[in-house]
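Inspection log for the structure reproduced underneath, given as structure tokens.
The values are calculated or read from the model by the stated rules, or taken from the named source; none is laboratory data. Everything numeric in this text was worked out from a predicted model, so none of it was measured. Here the Cβ positions follow ideal geometry from the backbone for every residue, glycine too, while neighbour counts run over all protein chains shown.
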Amino acid sequence: MGCASRVTLLPEYLLRVPSIDVVIVAFNRWDLTELCLGHLRKQTISHSIIVVDNGSTDETSANLHASHPDVRALQLVANGGFPAACNAGVALGRGDFVVLLNNDVEPRPDFLEKLVRPLEEDARVGSAAALLVQPGERQIDCMGLTADSTLAGFPRLRGSPSELAGAPRPVLAGPCGGGAAYRREAWEEVGGLDEGVLFYGEDLDLALRIRIAGWKSVAVPEAVAVHLGSATLGRRSTWQRYQSGFSRGYFLRRYGVLRSRTAPRALATEAVVVAGDAVLGRDLSALRGRLAGWRAAKDASPAPHPPDDAIDATIGLLESFRLRRAAY
């Protein structure tokens, strides 16, 4: 009598190869975008590339059509901010997974393969954080994002030796927008990036909303890319300080931080940061930005408090100042 063979039925998501959309937002600096595309051509797994020209005034769109006809290009007439450009690019694709990549990032050949692997292996994973390293690859630029009890966000492990990328602390909130993978289902469930801000804080907000919706986030230190860093944005300009303040004020109100038990700490922290910025920048850009962001969030739908395991409550006040200084 023969033995009956046992057939194991695999989940549907394992029966086919998931598709990947890589979305890159570019604003001028065609040289950086071209380098990034060159690295993506060397990836070990198939993927589609969508480049959003966010109102560039150089020849980005013309060069894309001439040199990279296989890349899907979306040309926006004006720079409406990073979240709006990302959302437009993601909406143009249909991939199971969405990878956001800054145009000043140079990924290793196995970057995509390793970054999306946790999403392939666990249907509960909604986002994955890549390891972005500084030029020379000795120091970490960002291993995802972390947030303290006031929901102030920081590049996780910035400045640490690259070999420490697997450290469990500080707690991972989710990926930073410069090198991130998202399950499209999770992205669409929470509505993508919040277009109420132009720049800064939008990736942390998305990370927290994905966690609030019940999805997991994982760090993938094996998915390595070099981040040239601040190559496309002015460092500590008046505009940058205003936009950073705007996003902070916006999300403080949207998450109701000043109505929570952490309100005294949040107020004290913001007062110190604004005062320090006023002294160093010799203007009130940080304050004006926060006030404008607070007003702009008046009509935004309130966000629930993130789950405890998405926040690092061990980050004390002094540590938060150190992390904020390192971030800038």
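Here is how the numbers come out for the structure above:
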quantity: In region 218-248, residue modelled with the lowest pLDDT [restricted to those that are touching a Phe, Trp or Tyr at 6+ places or on another chain (Cβ under 9 Å) and of a type in the set (A, V, I, L, M)]; calculated: 233
quantity: In region 56-104, the residues that are more than 25 Å from residue 188 (Cβ to Cβ) and surrounded by 16 or more Cβ atoms within 10 Å (Cβ to Cβ); calculated: 56, 60, 61, 63, 64, 68, 104
quantity: Tabulated pairs, region 136-149, first crowded, with 24+ Cβ neighbours inside 10 Å, second of a type in the set (Phe, Trp, Tyr) and part of a strand (DSSP E or B), C-beta under 6 angstrom, 6+ apart or interchain; calculated: 146/154
quantity: Selection within region 1-28 - surrounded by fewer than 17 Cβ atoms within 10 Å (Cβ to Cβ) and either of a type in the set (D, E, K, R) or at pLDDT 95 or above (or both); calculated: 6, 12, 16, 19
quantity: Count - residues of region 170-190 that are assigned to a loop (DSSP other than H, G, I, E, B) and of a type in the set (Val, Ile, Thr); calculated: 1
quantity: Qualifying residue in region 99-118 (condition: hydrophobic (A, V, I, L, M, F, W, C), assigned by TED's automatic domain parsing to the domain that holds residue 198 and farther than 27 Å from residue 64 by Cα); calculated: no
quantity: Tally, over region 108-132, of residues that are surrounded by fewer than 24 Cβ atoms within 10 Å (Cβ to Cβ) and outside any helix (DSSP H, G or I); calculated: 7
quantity: Unmet criterion (only one of (1) part of a helix (DSSP H, G or I); (2) among the β-branched types (Val, Ile, Thr); (3) out of contact with any strand residue (DSSP E or B) (no Cβ under 6 Å at 6 or more places or on another chain)) for residue 150; calculated: (1)
quantity: Of all residues making up region 287-302, the number that are within 22 Å of the chain's Cα centre (by Cα) and modelled with pLDDT under 95; calculated: 3
quantity: Close pairs from region 106-126: first touching a residue at least 40 places away in the same chain (Cβ under 8 Å) and farther than 19 Å from residue 224 by Cβ, partner among the basic types (Lys, Arg) and outside any strand (DSSP E or B), Cβ under 9 Å, at least 6 apart; calculated: 126/211
quantity: Test result for residue 250, of a type in the set (Ser, Thr, Tyr), touching a residue at least 60 places away in the same chain (Cβ under 8 Å) and touching an Asp or Glu at 6+ places or on another chain (Cβ under 9 Å); calculated: no
quantity: Residues satisfying the stated conditions in region 122-165, i.e. under 23 Å from residue 184 (Cβ atoms) and of a type in the set (Gly, Ala, Ser); calculated: 123, 126, 127, 128, 129, 130, 144
quantity: Number of the exception - residue 276 against (1) under 20 Å from the mean Cα position of the chain (by Cα); (2) within 30 Å of residue 134 (Cβ to Cβ); calculated: (1)
quantity: Residue within region 155-165 that is buried (at least 24 other Cβ atoms within 10 Å of the Cβ), in the same structural domain as residue 19 (by TED's automatic domain parsing) and within 25 Å of residue 53 (Cα to Cα) present; calculated: no
quantity: Region 33-55, subset in contact (Cβ under 8 Å) with a residue 60 or more places away in the chain and buried (at least 20 other Cβ atoms within 10 Å of the Cβ), residue farthest from residue 122 (Cα to Cα); calculated: 33
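Conditions (1) assigned by TED's automatic domain parsing to the domain that holds residue 116; (2) β-branched (Val, Ile, Thr); (3) at pLDDT 95 or above; (4) not in a helix (DSSP H, G or I), marked per residue:
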| site | (1), (2), (3), (4) |
| --- | --- |
| 43 | yes, no, yes, yes |
| 52 | yes, yes, yes, yes |
| 64 | yes, no, no, no |
| 69 | yes, no, no, yes |
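Every residue, every condition in (1) part of a loop (DSSP other than H, G, I, E, B); (2) closer than 19 Å to residue 116 by Cβ, yes or no:
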| position | (1), (2) |
| --- | --- |
| 168 | yes, no |
| 192 | yes, yes |
| 206 | no, yes |
| 209 | no, no |
| 217 | no, yes |
| 221 | no, yes |
